[in-house]
Each structure stands twice: as C-alpha cells, then as structure tokens.
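What follows is one structure encoded as structure tokens, with my remarks underneath.
Any read-out appearing in this document is the output of simple, stated calculations on the displayed coordinates, not a laboratory observation. Here the structure is a predicted model, which means the values were calculated and not measured. With ideal geometry, Cβ positions are generated from the backbone for all residues, glycine too; neighbour counts draw on all protein chains shown.
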Amino acid sequence: MHHKQPMPYGMYRVNKKYLDYMKSRQPKIMGFEETDLYCGPVLNVDEDTGFYVPVTSMPECSDGDKQPLSFVHIFKMLPCFAKVLTSDKEDTPERRFCLNEDNRGFLEFAAKTLYETSEEMRENGEWEE
C-alpha cells in the first residue's frame with residue numbers, strides 16, 4: 001500500500017532511515033549528516049510520489065547576492081511520500097525563501113525541467129546513475 005501524495009507544499013524533515021536507505025541506493029543523495037530539511041513537493045510525478053529538494057543553511061550575503069542553488073539543492077531532489085515526512089514550521093531565512101511564491105515557481109520550474117531532461121536522457125541511454 002502506498003502513502004498518498006501530494007503533501008501540501010512546505011518545509012519538511014525527512015526520516016533518517018529513509019535518507020540512509022536512499023543514499024545507499026543513490027550516492028548522489030544528500031545524507032542525514034548534511035541535512036534532513038527538504039522543501040516541496042516541487043514536482044509530483046504521480047498520486048503517490050512527490051519530489052523534494054534538500055535545503056542547507058543559506059549563505060550570509062546581501063539579498064541581491066543570494067544564489068538559491070547554493071543552499072536549495074535542486075540537482076539532489078528526492079522522491080518522498082507522507083510516511084517519511086514531518087512538517088517543519090521553524091521560522092528561518094531558508095523557509096521564508098522557499099515559501100515565497102516567486103521562489104516556489106522557480107523551484108518547481110527547475111525541478112520539472114530537470115526531471116523531464118533526465119527522463120529523456122534515460123530513454124536515450126544517455127543518463128549516468
């Protein structure tokens with residue numbers, strides 16, 4: 001039995017055992033020691049699974065200098081389902097950034113583009129796991 005998705009868009013903590021399991025299957029996944037804070041779903045691929053992006057500490061810099069891909073790791077997004085997620089409501093700069101509607105649009109667009117490109121590359125035998 002699957003755990004129905006999608007969860008509401010937000011900030012979540014991902015279960016350590018799940019992160020350890022996924023990292024053992026895909027070394028590019030960020031481990032629990034790097035972060036367990038994830039934002040999403042940035043992409044829903046079916047009714048059961050959504051993709052979430054790991055979030056690390058936002059670098060200290062002026063607002064105009066923020067590089068979102070330096071702390072929102074879209075290239076390391078992870079499929080998750082409700083059972084492995086716990087809502088995180090802590091008021092942080094990372095949360096404010098990720099929940100901003102414009103930034104959410106950017107993250108969702110980037111996730112969709114990355115997912116579609118990777119699927120196309122897999123179909124053509126060009127994708128390296």
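Among the residues of segment 15-43 satisfying the criterion of being under 21 Å from Lys112 (Cα atoms) and among the hydrophobic types (A, V, I, L, M, F, W, C), which is surrounded by the fewest Cβ atoms within 10 Å (Cβ to Cβ)? Lay out the reasoning, then the answer.
Filtering segment 15-43 for residues under 21 Å from Lys112 (Cα atoms) gives 22, 26, 28-30, 37-43.
Then keep just the ones that are among the hydrophobic types (A, V, I, L, M, F, W, C); that gives 22, 29-30, 37, 39, 42-43.
Numbers: Met22: 19, Ile29: 17, Met30: 22, Leu37: 22, Cys39: 26, Val42: 25, Leu43: 24.
Only one residue tops the list, namely Ile29.
Taking only pairs six or more apart or across chains, which ones have beta-carbon atoms under 6 Å, a first residue in segment 22-51 that is without any contact (Cβ under 8 Å) to a residue 60 or more places away in the chain, and a second residue that is among the aliphatic types (A, V, I, L, M) and in a loop (DSSP other than H, G, I, E, B)?
These pairs meet every condition: Met22/Ile29; Lys23/Ile29.
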